[in-house]
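Below you'll find the structure, written out as structure tokens, and then a few comments.
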Amino acid sequence: MIRRNKTKEIRIGNRVIGGTNPILVQSMTNTYTGNIGKTMRQIRKLIRADCEIVRVAVPDIESCKAIALFKKKVHIPIIADIHFDYRLAVRAIEEGADKIRINPGNIGKKANIKKIVVKAKNAGIPLRIGVNAGSLEKELCRKYGGPVPDALVESTLRNVEIVESFGFHDIVISIKSSSVLDTIDATIKVARVMDYPIHLGITESGPIASGTIKSAAGISVLLHRGIGDTIRVSLTGDPVSEVVVGYGILQSLNLRVHGPDIISCPTCGRMEVDIAPIVKKVEQRTSNLCENIKIAIMGCIVNGPGEARIADIGIACGKGAAILFKKGKIVKKVSEKEMLKTFLDEIDTLVEKSPRKQRKDNKKSRK
Ligand code: SF4
């Protein structure tokens, strides 16, 4: 059981992070934000994948203006990601952004930060102070010999202090590096001394396979220590993958429920039935379920009966047939030919009977 750190509650549009609120999964569009049609389509795709907060890059005024249009059409909070130019942050707030992410390493003078803070305060929206190893203040890099964890920590504390000095406490923090260990070290140090909610992520973690591994490694270590109130998995490619991986990490640690947990063996030379196509079909058939049911699909009698018995529903294959288990009990023996259909029907029956029966498409239509 993970005991989460007690952080301050911060409202972002219609969602709240921190405190005992669920750890929210967020992502970022990778289209040019000023291209409203393309970005809107990507935001809708992310929403269909259950993305709970979306961030858009704001490199110019056209992107600021687009925020007002997105706000009219989508229900999830829109965050404006600002670098270099404080005026874009001010304008994004005027256009209705639900939160501003600033990178203090490149926003410039204190007076410019103050202008953003005053605007955010008047609009009643939070700021994320997003420190990133790739854009750390130059003098801190010189002082520490590079963007090492202590440099990231000093940058975070210093910039939080600047924002607080303007009487602003509606703050979310993130400390990111492409180094998993540096991100972990720096985030732990900051979490020890501050109670602002923390946005977790490993920045520029790479393409889908290696990025998923790095993100899962770094984010999970922090979550296990009770740190983290929202996560963004950074992957090169379709941002929908970021959401899928984000929920996967949270569900693996029992921090969120987001669909079935499929337990299938890696298969080996003892396999009696080729389970790969069965696993694929079951995955497709159950992908729109919100139920956290454990489904086991096992290739032989070595670990098969054991895993299938402790799952909500499972099959353990033998020669040309399989034993079907439900809630720990043997239900029937099915031939290899009937196996897939029977198993899918039994999964449907189990879900139908569940008091928490809910499908993701239904859930979305109620939003
Ligand atoms: S359950 Fe059987 S087939 Fe699957 S990996 Fe284990 S020994 Fe191999």
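Would you mind telling me the share, in percent, of accessible area of the chain contributed by carbon and sulfur at probe 1.4 angstrom? Each step should come with its number before you reach the end.
Working: 8880 of 16780 Å².
Result for the chain: 53 percent of the exposed heavy-atom area is carbon or sulfur.
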Quiz prompt | With 10 Å bins from 0: P(r) over the range 58-195, alpha-carbon pairs, percent | solution = 13, 42, 32, 13, 1
Practice problem: Diagonalise the Cα gyration tensor of the range 261-363 and give the resulting equivalent ellipsoid semi-axes, square root of 5 times each eigenvalue, largest first, whole Å. | Solution: 23, 13, 12
Practice problem: May I ask for the angle, rounded to the nearest 10°, between helix 36-48 and the longest principal axis of the chain, with both axes built from Cα atoms and the value confined to 0 to 90°? | Solution: 50
Practice problem: Would you mind estimating how fast the range 242-305 diffuses translationally, via Stokes-Einstein at 20 °C and 1.002 mPa s with the Kirkwood radius over Cα pairs, in µm²/s? | Solution: 167
Self-check item: Kirkwood Rh, angstrom, the range 98-137 [1 / mean 1/r, Cα pairs]
Solution: 10.6
Quiz item: Taking a temperature of 4 °C and a viscosity of 1.567 mPa s, what whole-number D in µm²/s does Stokes-Einstein yield for the range 162-316 with Rh from Kirkwood over alpha carbon pairs?
Solution: 73
Quiz item: In terms of modelled amide H atoms, which long-range or inter-chain residues lie less than 5 Å from the amide H of K8?
Solution: G19, Y196
Exercise. For the chain, find the longest principal axis of its Cα atoms and tell me its angle to the long axis of helix 240-252, 0 to 90°, nearest 10.
Key: 70
Quiz item: Can you work out the FRET efficiency for the pair E283 and F166, with r the C-beta to C-beta distance and R0 = 35 Å, to the nearest 0.05?
Solution: 0.10
Quiz item: If one takes the longest principal axis of the Cα atoms in the chain, at what angle in degrees, from 0 to 90 and to the nearest 10, does the Cα axis of helix 276-286 lie?
Solution: 60
Quiz item: Rg(Cα) of the range 303-343 divided by 2.2 N^0.38 Å?
Solution: 1.00
Quiz item: Hey, what's the range 261-363 come to in accessible area per residue, 1.4 Å probe, Å²?
Solution: 56
Quiz item: With the calculation restricted to Cα positions, what are the radius of gyration and Dmax of the range 1-132 in angstrom?
Solution: 14.7, 46
Quiz item: Dividing the Cα convex hull volume of the range 1-76 by residue count, how many Å³ per residue is that?
Solution: 108
Quiz prompt | K73-V16 FRET efficiency (beta carbon distance; Förster radius 25 Å; 0.05 resolution) | solution = 0.65
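Using the C-alpha gyration tensor of the chain, what are the square roots of 5 times its eigenvalues, in whole angstrom, with the largest one first? Write out the running numbers ahead of the final one.
Details: eigenvalues 383, 98, 59 Å².
Taking √(5λ) for each Cα gyration eigenvalue gives 44, 22, 17 Å.
When averaged across all projection directions, what area in nm² does the alpha-carbon convex hull of the range 160-226 cover?
It is 4.7 nm².
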Quiz prompt | Average accessible surface area per residue within the range 10-252, 1.4 Å rolling probe, Å² | solution = 38
Quiz item: When the helix-only estimate is applied to the chain (DSSP H runs of n ≥ 4, each -39,500 (n - 2.57), divided by the residue count), what is the mean residue ellipticity at 222 nm, nearest 500 deg cm²/dmol?
Solution: -14000 deg cm²/dmol
Quiz item: Considering the zone a paramagnetic label at E139 would reach in this model (a point 7 Å from Cα along the Cα-to-Cβ line), which residues of the range 76-114 have amide N under 16 Å from it?
Solution: 104-113
Quiz item: Using a simple spin-label model with points 7 Å from Cα along the Cα→Cβ vector, what separation in nm is obtained for N303 and E352?
Solution: 3.3
Quiz item: When all alpha-carbon pairs of the range 187-267 are counted, what percent fall beyond 17 Å?
Solution: 48
Practice problem: Run down the lysines and flag those whose C-alpha is under 19 Å from the C-alpha of K71, throwing out any fewer than 8 positions away in its chain. | Solution: K38, K45, K99, K119, K364, K367
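Kindly work out what percent of the DSSP beta bridges joining two residues of the chain are antiparallel, to the nearest 5. Walk me through the numbers on the way to the answer.
Working: 16 of 51 bridges.
Close to 30 percent.
The values are calculated or read from the model by the stated rules, or taken from the named source; none is laboratory data. Just so it is clear, the model here is predicted, and its values are computed rather than measured. As a convention, Cβ positions derive from the backbone with ideal geometry for all residues, glycine included, and neighbour counts pool all protein chains shown. Calculation scope for accessible area: heavy atoms of the full protein, side chains included, ligands and nucleic acids excluded. Shrake-Rupley method; radii C 1.70, N 1.55, O 1.52, S 1.80 Å.
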